[in-house]
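What follows is a single structure, written as structure tokens, with notes after it.
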Amino acid sequence: METADRRSAAAAANSRRAKRLAQQAHKTHPVIQAKQNQMYLITTLSQVQTDNSLINRVLPKEVLLKVFSFLDTKALCRSAQVCRSWNVLALDGSNWQRVDLFTFQRDVKTAVVENLARRCGGFLKELSLKGCENVHDSALRTFTSRCPNLEHLSLYRCKRVTDASCENLGRYCHKLQYLNLENCSSITDRAMRYIGDGCPNLTYLNISWCDAVQDRGVQIIITNCLSLDTLILRGCEGLTENVFGPVEEQMGALKKLNLLQCFQLTDITVQNIANGAKILEYLCMSNCNQLTDRSLVSLGQNSHNLKVLELSGCNLLGDNGFLQLARGCKQLERLDIEDCSLVSDNTINALANQCSALRELSLSHCELITDESIQNLATKHRESLHVLELDNCPQLTDSTLSHLRHCKALKRIDLYDCQNVSKDAIVRFQHHRPNIEIHAYFAPVTPPADQVVNRGGMLF
């Protein structure tokens, strides 16, 4: 009897085991199921890495992965330390399409960039290594070869980067559209050759303060990257007045051009820009102190789409040139002519009468302007003027504030060292328009030299 019971129990156990195996045969392995759902993961979703926490049991891994996709770099790194399954999901390449390592700039070295490239691979589209001065060519060689879909790269102040890194970018990263090489002072025209040949889709390039880049390098970029709309060349002292001459016809897509402190540029340069960049909207040539009124005439004749013009420190510019500019550039929204000491009321009146879109105007150190032109400006731009900078304009008086009080859109006025604008006038203005920022400075009153202080501190 006992033997029969044992045989019956064994048969029942074998039956249950067979039934369980049959059920498992119809189940799909998690990795296969993920592929069927077109969910490609760098890491494997294996059962070994799961845990019994409630959130991991309730939410499918695909949903958790979607949640992680909204986290920034620091939050992803913290999430990866919670448990094994979160580590797998947080470090999945699909979450690392956009990476900004500026926060970790002191800690980012070659190994970090190489590991990032292995983890992200083809997922990575945007990477900022801004300020990561320990990154050099060997790290970027590995990175570029593993991340061919890169579209946006910032190497700002990565001073160890040389032409070799640009060679690898041109060799592997053909989809690159945005490249910031500001303060990468070791790059030369060779780097521009590699970028121009390998990255024809480039729309933004910043090579500010790269002194070794000369005319030929810039010309290669403009010739090969026909979609380029933003070119930042601040402080590139190797450029000459003929930098744009041979490539005028290839500048048609350019909308933003910054040439701050390119000291060798002249009226010839501006003429080439005006002839070639017909849709130019932003131009900065501040501290290019060889420019004369001929430059303004060229812009007025050809650059009708110009919205922002910065000419601070160009002290050879005068009323004749600005009158021509105002006639031709009627879409101007912002104009900076600080330290253009030859400018008088004639220029301000021309801008007020003909540039109806003007919103921001810097006239600091324009010592010839008076209350009369400011009154005209305030009247014509009562609904549109936002910012007015009037530092060191000694002929302006309290009347200026009286006129500006009626500008409804005004947000800020600068009045540093305007000696004939009184503190009382500013107080009255702030009483009527408390939401407007007024930046002013009043030197402390110095007692007369003939006053004598006795030992008790009394004046007599």
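The values are calculated or read from the model by the stated rules, or taken from the named source; none is laboratory data. Treat the numbers as computed from the prediction; the structure is a model and nothing was measured. Heads up, the Cβs are rebuilt from the backbone with ideal geometry, glycines too, and the neighbour counts pull from every protein chain shown. Heavy atoms of the whole protein, side chains included, go into the accessibility calculation; ligands, DNA and RNA do not. Shrake-Rupley method; radii C 1.70, N 1.55, O 1.52, S 1.80 Å.
Data table
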{"read-out": "From Ser373, Ser356, residue being of a type outside the set (Asp, Glu), open to solvent by 50 Å² or more (accessible area, probe 1.4 Å) and either more than 16 Å from Ser286 (Cα to Cα) or part of a helix (DSSP H, G or I) (or both)", "value": "Ser356"}
{"read-out": "Residue selected from the range 89-102 under the condition among the hydrophobic types (A, V, I, L, M, F, W, C) and open to solvent by 10 Å² or more (accessible area, probe 1.4 Å), by the criterion nearest to Lys130 (Cα to Cα)", "value": "Phe102"}
{"read-out": "Matching residues in the range 178-202 - criterion: being buried (at least 19 other Cβ atoms within 10 Å of the Cβ) and under 19 Å from the mean Cα position of the chain (by Cα)", "value": "Leu179, Asn180, Leu181, Glu182, Asn183, Cys184, Leu202"}
{"read-out": "Gly93 being farther than 26 Å from Gly196 by Cβ, in contact (Cβ under 8 Å) with a residue 40 or more places away in the chain and not basic (Lys, Arg)", "value": "yes"}
{"read-out": "Neighbours by Cβ (under 7 Å, 6+ apart or cross-chain): first from the range 223-248, among the basic types (Lys, Arg); second modelled with pLDDT of 95 or more", "value": "Arg234/Ser208; Arg234/Trp209; Arg234/Asn258; Arg234/Leu260; Arg234/Gln261"}
{"read-out": "Filter pass, Asn258 being open to solvent by less than 40 Å² (accessible area, probe 1.4 Å), modelled with pLDDT of 95 or more and over 21 Å from Leu332 (Cβ atoms)", "value": "no"}
{"read-out": "Of the criteria (1) more than 19 Å from Cys158 (Cα to Cα); (2) open to solvent by 40 Å² or more (accessible area, probe 1.4 Å); (3) at pLDDT below 75; (4) assigned to a helix (DSSP H, G or I), which one Arg78 fails", "value": "(3)"}
{"read-out": "Tally of residues being open to solvent by less than 50 Å² (accessible area, probe 1.4 Å) and either polar (S, T, N, Q) or under 23 Å from Ile232 (Cα atoms) (or both) across the range 284-316", "value": "21"}
{"read-out": "Selected residue (only one of Leu410, Leu332 is in contact with a helix residue (DSSP H, G or I) (Cβ under 7 Å, 6 or more places away or on another chain), assigned to a loop (DSSP other than H, G, I, E, B) and open to solvent by less than 20 Å² (accessible area, probe 1.4 Å))", "value": "Leu410"}
{"read-out": "Pairs, first under 18 Å from Leu306 (Cα atoms) and without any contact (Cβ under 8 Å) to a residue 12 or more places away in the chain in the range 283-294, second open to solvent by 10 Å² or more (accessible area, probe 1.4 Å) and part of a helix (DSSP H, G or I), C-beta under 9 Å, six or more apart", "value": "none"}
